[in-house]
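For reference, the structure is listed below as structure tokens.
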């Protein structure tokens with residue numbers, strides 16, 4: 001006799017192409033995969049843990065290895081009933097016997113009020129370990145309302161155009177004297193300025209490096225020019241085979257602007273909602289995110305990139 005399939009079983013088959021042999025295991029696997037996607041931590045499923053006091057062997061649906069938390073997953077979609085307080089009490093009984101920090105309960109059909117109150121009490125009861133409640137279920141179109149599906153980013157690049165800049169050089173007194181001796185004062189001279197020199201004639205730095213490390217100053221992003229002064233010490237330029245010292249350079253450099261638009265959106269279609277009862281987690285997960293995971297030998301492993309879809 002074939003086992004009646006739940007909506008969770010059908011969703012698992014849609015994502016992974018097969019039905020698990022054990023009843024309820026489809027949901028256990030999807031829950032472990034969902035926590036793997038959201039946390040990026042080490043997740044295992046269908047594990048056995050030994051009790052500290054009773055030496056009992058406990059079967060647990062999932063285990064967050066990094067946080068040392070047991071995961072219990074209940075798919076009551078066929079019965080169409082909510083997870084009740086007795087389900088949580090059963091988990092609490094195991095938690096008090098296990099060397100574990102706490103528990104996580106996942107339901108595909110929500111929780112009764114007594115179950116929610118019991119979870120709240122576990123956060124303050126010194127004899128209990130905390131049980132956090134999660135709703136993990138197939139998503140609906142209603143779940144998508146009010147969420148960000150696509151980011152459209154307009155990026156404006158503002159780049160100083162040094163070649164079109166205006167520069168006024170402040171020369172050392174020795175340089176001015178040299179210009180005077182060569183009868184070059186107040187005359188226009190043409191030269192290629194692609195580097196600065198030290199006083200001994202060795203290269204101090206290339207102009208490309210200097211301009212990259214000394215960007216022009218601007219007050220506002222909308223300014224058309226960067227206006228300011230570079231104060232220089234022991235910088236020389238070479239003209240006609242001789243070195244001329246510079247004390248500083250006043251500049252007025254225009255900015256070039258270019259705008260690029262690109263879009264960021266999640267891969268795939270939303271299939272599962274994971275939402276914590278405390279509201280800290282509320283995400284839609286896509287089919288591609290689940291297909292980028294492998295479920296084998298009790299481990300959930302990442303095989304591809306996993307982008308969050310909606311937040």
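Data for the structure
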read-out	value
Per residue Cα convex hull volume in Å³ - calculated over the chain	248 Å³
Sorted by Cβ density within 10 Å, fewest first, the residues 258, 101	258, 101
Debye log10 I(q)/I(0) for region 155-261, one point scatterer per Cα, at q = 0.13, 0.14 Å⁻¹	-0.55, -0.63
10 Å binning of all Cα-Cα separations within region 1-72, expressed as whole percents from 0 upward	19, 42, 29, 9, 0
By average C-beta atoms within 10 angstrom, highest first, the peptides 271-277, 211-217	271-277, 211-217
Relative contact order, percent, region 155-261 [alpha-carbon distance under 8 Å, six or more residues apart]	44 percent
Computed E for residue 124/residue 80 - FRET, C-beta separation, R0 30 angstrom, nearest 0.05	0.40
Relative contact order of the chain, defined on C-alpha pairs under 8 angstrom at six or more residues apart (%)	18 percent
Share, in percent, of DSSP beta bridges within the chain that are antiparallel, nearest 5	85 percent
Segments 34-43, 248-257 sorted - mean Cβ within 10 Å per residue, highest first	34-43, 248-257
Mean Cβ count within 10 Å, highest first, over the residues of peptides 137-146, 112-121	112-121, 137-146
Spin-label model distance (nm) - residue 220 vs residue 181, 7 Å beyond Cα toward Cβ	5.0 nm
Centroid-to-centroid separation of region 84-145 and region 33-67 [C-alpha atoms, Å]	15 Å
Computed over region 32-115: relative contact order in percent, which uses C-alpha pairs under 8 Å that are six or more apart	27 percent
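Any read-out appearing in this document is the output of simple, stated calculations on the displayed coordinates, not a laboratory observation. Quick caveat: nothing in here was measured; it's all calculated off a predicted structure. Note that each Cβ is placed from the backbone with ideal geometry, even for glycine, and that neighbours are counted across all protein chains shown.
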